[in-house]
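Q: Got a structure for you, questions after.
The values are calculated or read from the model by the stated rules, or taken from the named source; none is laboratory data. Since the model is a prediction, treat every value here as computed from it, not as a measurement. Quick reminder, even Gly has a Cβ in these numbers, built from the backbone with ideal geometry, and neighbours come from all protein chains shown.
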């Protein structure tokens with residue numbers, strides 16, 4: 001279990017979605033398989049659909065998942081390498097407003113998510129156990145490399161649950 005002092009309380013909602021008894025990489029593999037299998041089987045009419053005014057389309061949701069993992073992977077790398085620079089936050093709504101996900105092919109987005117996840121898996125496989133406990137600061141909050149590793153899967157599962165509830 002990731003101790004609560006290794007992440008901001010906001011991230012509890014995501015960490016609760018993963019089995020922290022499993023190694024980080026196992027969760028990364030499993031959540032990606034479920035995400036990919038579920039979204040690849042959706043009818044094309046759903047790809048640009050938003051379930052409510054002001055909510056993201058499925059394409060935007062996938063792009064958000066990609067963008068978030070990239071930002072958080074950078075954080076994990078910095079913390080793992082013992083860089084003590086405080087890292088900035090990022091505004092997910094600005095990112096979404098400025099991406100071109102709705103003009104892209106849904107399959108391309110899913111393929112990109114798969115590649116990003118393969119890269120995250122390789123990164124976490126490279127970290128020895130003692131590195132996972134290193135802590136840095138991002139968005140004015142302390143976060144461990146370990147918490148970030150579990151957070152990737154939890155964040156992805158959070159959005160997968162929204163897909164299952166609102167888009168299927």
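Rundown of residues vs (1) surrounded by 16 or more Cβ atoms within 10 Å (Cβ to Cβ); (2) in contact (Cβ under 8 Å) with a residue 60 or more places away in the chain; (3) in contact with a strand residue (DSSP E or B) (Cβ under 7 Å, 6 or more places away or on another chain); (4) on the phi < 0 side of the Ramachandran plot, yes/no style:
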site	(1), (2), (3), (4)
115	no, no, no, yes
124	yes, yes, no, yes
134	yes, no, yes, yes
141	no, yes, no, yes
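Q: Moving on. Looking at (1) more than 17 Å from the chain's Cα centre (by Cα); (2) free of Cβ contacts under 8 Å to residues at least 40 places away in the same chain; (3) part of a helix (DSSP H, G or I), which is the one condition that is false for residue 5?
A: (2)
Q: Another one. Out of contact with any helix residue (DSSP H, G or I) (no Cβ under 6 Å at 6 or more places or on another chain) and under 18 Å from residue 125 (Cα atoms): which single residue out of 4, 22, 55 fits that description? Give the steps one after another, and end with the answer.
A: Values: 4 fails: under 18 Å from residue 125 (Cα atoms); 55 fails: under 18 Å from residue 125 (Cα atoms).
Of 4, 22, 55, the one residue that is out of contact with any helix residue (DSSP H, G or I) (no Cβ under 6 Å at 6 or more places or on another chain) and under 18 Å from residue 125 (Cα atoms) is 22.
Q: If you check 93, 108, 83, which single one turns out to be in contact with a strand residue (DSSP E or B) (Cβ under 8 Å, 6 or more places away or on another chain) and either under 20 Å from residue 6 (Cα atoms) or assigned to a helix (DSSP H, G or I) (or both)?
A: 83
Q: If the requirement is being surrounded by fewer than 20 Cβ atoms within 10 Å (Cβ to Cβ), modelled with pLDDT under 95 and either at negative phi or under 17 Å from the mean Cα position of the chain (by Cα) (or both), which of these qualifies: 51, 74?
A: Details: 74 fails: modelled with pLDDT under 95.
From the options 51, 74, the qualifying one is 51.
Q: Right, another one. From the list 12, 60, 34, pick out the single residue that is free of Cβ contacts under 8 Å to residues at least 12 places away in the same chain and not in a loop (DSSP other than H, G, I, E, B).
A: Working: 60 fails: free of Cβ contacts under 8 Å to residues at least 12 places away in the same chain; 34 fails: free of Cβ contacts under 8 Å to residues at least 12 places away in the same chain.
Just one listed residue meets the conditions, 12.
Q: Can you name the number of the only condition in (1) farther than 30 Å from residue 135 by Cβ; (2) buried (at least 17 other Cβ atoms within 10 Å of the Cβ) that residue 107 fails?
A: (2)
Q: Now, a different point. With the checklist (1) modelled with pLDDT of 95 or more; (2) surrounded by fewer than 15 Cβ atoms within 10 Å (Cβ to Cβ); (3) part of a loop (DSSP other than H, G, I, E, B) in hand, flag the one item residue 99 doesn't pass.
A: (2)
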